[in-house]
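What follows is a set of notes on a single structure, which appears directly below.
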Amino acid sequence: MTVLVINSGSSSIKYQLVDPESGEAIAVGLVEQIGESSSHIKHTYEGVKHEFDETLSDHGEGLRFVLHLFDTIGPKLSEAGIVAVGHRVVQGGRHFDGPALITQEVRDLVAELAPLAPLHNPANLRGIDVARDLLDVPHVVVFDTAFFQTLPEEAARYALDREIADTYAVRRYGAHGTSHQYVSRKAAEYVGREDLKQIVLHLGNGASVSAVVDGEAVDTSMGLTPLEGLVMGTRTGDIDPAVIFHLHRVAGMSIDELDDLVNKRSGLKGLVGENDMRAVWDMANGGDANAREALDIYVHRIVKYIGSYAAVMGGLDVLTFTAGIGENDDLLRAEVIARLAPFGVTLNAETNAIRGDEIRKISTDESSVTVLVIPTNEELAIARQAMDVVAGL
Ligand code: AMP
């Protein structure tokens, strides 16, 4: 049995055909630049990557082309035992604390939540609508916010006028929840204990951190939107909101320009002109002082969150690194751990240098905190959740 996992962006469709039981990604692909003069498509099956340039004017044409690739390159979906489609949706508001079978009501709720995630939910919905038209199997939505519905009010509520906050649904919803849930469960399995105080650092192009006690999220760095928290590829993360008013007043920037500035032209990109951490390291190693400073700012923010979440939880048992930077950047991990030395956290330099897809412990046996690297797998987590929903039908 397989599940087709779809992550639909504003001009892209990422997909994976997953065997939820074995965890195998049977076919993986990406359609980019939908709606532009030429769209780029990659489809990988049986270890061979096939690439195409086509004109695909909308998500419907994009998905039709993907289905044609499954038919011609393989695997044929009818023969691959597809039992569900799992859709990633960024914002589930307070309605969803787990995956949901897509009905008209669920679809309309996702649409209704668009004002809370204007960059994401409408794009997610486009993928849902075209996939429901083209694939006659149950469709399931898996929300990025669901894992954080357990946040206590003291963490989720901003100290904002209560009536305004409640009227406009302004609160901390978090994001990357599928990854934080998957990784924190893997960490508990690895350690062999459920009763743990954990911090998960999801460091990818987007970056977030969560505090998890006994398997339940108690705090997370992303807020109303994925803008808050850590320094990211192109987002500021935490910033004094008054910076926005200030720039509006003194630089005459409009709300849309400021939205673009803090979401797309800041973070590592804003600091050094590159949003890829590898490029930042190359610049820093070449003597670029701004790049070295950007790394320091990045690490400083992470350490600040680790300290505050350890205090909030009253201790820390396991600290886990995941996602593109967390899984691959041993130097950055070493810099973070070095700053935790006063608290008895010590790095095992040998295991930290290992590359691979395996879970690994990168702290010494004497370390006060177990530090792990756990590759995240959001597609597999979505496939398994979709499978659970279908099994309950
Ligand atoms: P993700 O969003 O999880 O796919 O992560 C993507 C990011 O991971 C890229 O933008 C890079 O900054 C980062 N990345 C991938 N490989 C490495 C590496 N070997 N060293 C440092 N950063 C990396």
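So the values come out like this:
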| read-out | value |
| --- | --- |
| Protection proxy ranking of 104-113, 223-232, 282-291, 199-208 - average other beta-carbon atoms within 10 Å, highest first | 199-208, 223-232, 104-113, 282-291 |
| Residues of the stretch 207-239 with amide N under 18 Å of a point placed 7 Å along Cα→Cβ from Asp260 | 234-236 |
| P(r), alpha carbons of the chain - 20 Å bins starting at zero, rounded % | 26, 59, 15, 0 |
| Whole-angstrom gap from the stretch 179-201 to the stretch 277-340, using each part's C-alpha centre | 20 |
| J(HN,Hα) series, the stretch 349-358, from Karplus relation 6.51 cos²θ - 1.76 cosθ + 1.60, nearest Hz, glycine and proline x | 4, 5, 6, 5, 7, 5, 9, x, 9, 8 |
| Relative contact order (percent, whole number), the stretch 70-206, Cα cutoff 8 Å, 6+ residue spacing | 26 |
| Ranked packing of 26-33, 162-169, 72-79, most packed first, by mean Cβ within 10 Å | 26-33, 72-79, 162-169 |
| Amide proton proximity set for Ser39, modelled H, under 5 Å, gap of 5+ | Glu54, Thr55, Leu56 |
| Selection of GluC sites (Glu not before Pro), the stretch 264-368, meeting DSSP coil and at most 10 other Cβ within 10 Å | Glu358, Glu366 |
| Burial ranking of peptide ranges 41-54, 294-307 (average Cβ count within 10 Å, highest at the top) | 294-307, 41-54 |
| Footprinting exposure proxy for Ser37, Ser368 (fewest neighbouring C-beta atoms within 10 Å first) | Ser37, Ser368 |
| In the chain, lysine pairs closer than 20 Å at Cα, eight or more apart or cross-chain | 9 |
| Listed residues Leu113, Met232, Leu347: farthest to the positive end of the dipole of the chain (Cβ charges) | Leu347 |
| Unit charges at the beta carbon, dipole of the chain: most positive-side option, Ser208, Gly356, Ala25 | Ser208 |
| FRET efficiency, 1/(1 + (r/R0)^6) with R0 41 Å, evaluated for Ala334 and Glu46 via beta carbons | 0.65 |
| Nonlocal amide H pairs with Val369, under 5 Å, H built at 1.01 Å | Thr346 |
| In Hz, Karplus ³J(HN,Hα) per residue of the stretch 10-22 (6.51, -1.76, 1.60; θ = phi - 60°; x = Gly, Pro) | 5, 9, 8, 9, 9, 9, 8, 9, 10, 8, x, 6, 7 |
| Computed FRET value (nearest 0.05) for Ile359 with Ser57, which takes r as the C-beta separation and R₀ as 35 Å | 0.25 |
| Under Karplus coefficients 6.51, -1.76 and 1.60, residue-wise ³J(HN,Hα) of the stretch 54-68 in Hz, glycine/proline x | 9, 9, 10, 7, 8, 5, x, 5, x, 5, 4, 5, 4, 5, 5 |
| Unit charges on C-beta of K, R, D, E only; dipole of the stretch 103-260, Debye | 360 |
| Equivalent ellipsoid semi-axes, the stretch 233-282, via Cα gyration tensor eigenvalues times 5, rooted, Å | 24, 10, 8 |
| Computed helical MRE - 222 nm, the chain, DSSP H runs ≥ 4 contributing -39500 (n - 2.57), nearest 500 | -12000 deg cm²/dmol |
| Distance in nm between pseudo-label sites at Val250 and Glu293 (7 Å out along the Cβ direction from Cα) | 1.7 |
| Other-chain or far-sequence residues with amide H under 5 Å of Ala175's (modelled H) | Met222 |
| Size of electric dipole in the stretch 257-356: Cβ of Lys, Arg +1 and of Asp, Glu -1, about Cα centre, debye, nearest 20 | 200 |
| Least to most buried among Met1, Met222 (fewest other Cβ within 10 Å first) | Met1, Met222 |
| Calculated on alpha-carbon atoms, Rg and Dmax of the stretch 140-213 in Å | 14.2, 44 |
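Since every read-out is calculated from the coordinates, none of them should be taken as a lab result. Values in this document were obtained by computation on a predicted structure and should not be read as measured data. So basically every Cβ, Gly included, is an ideal-geometry build from the backbone, and we count neighbours across all protein chains shown.
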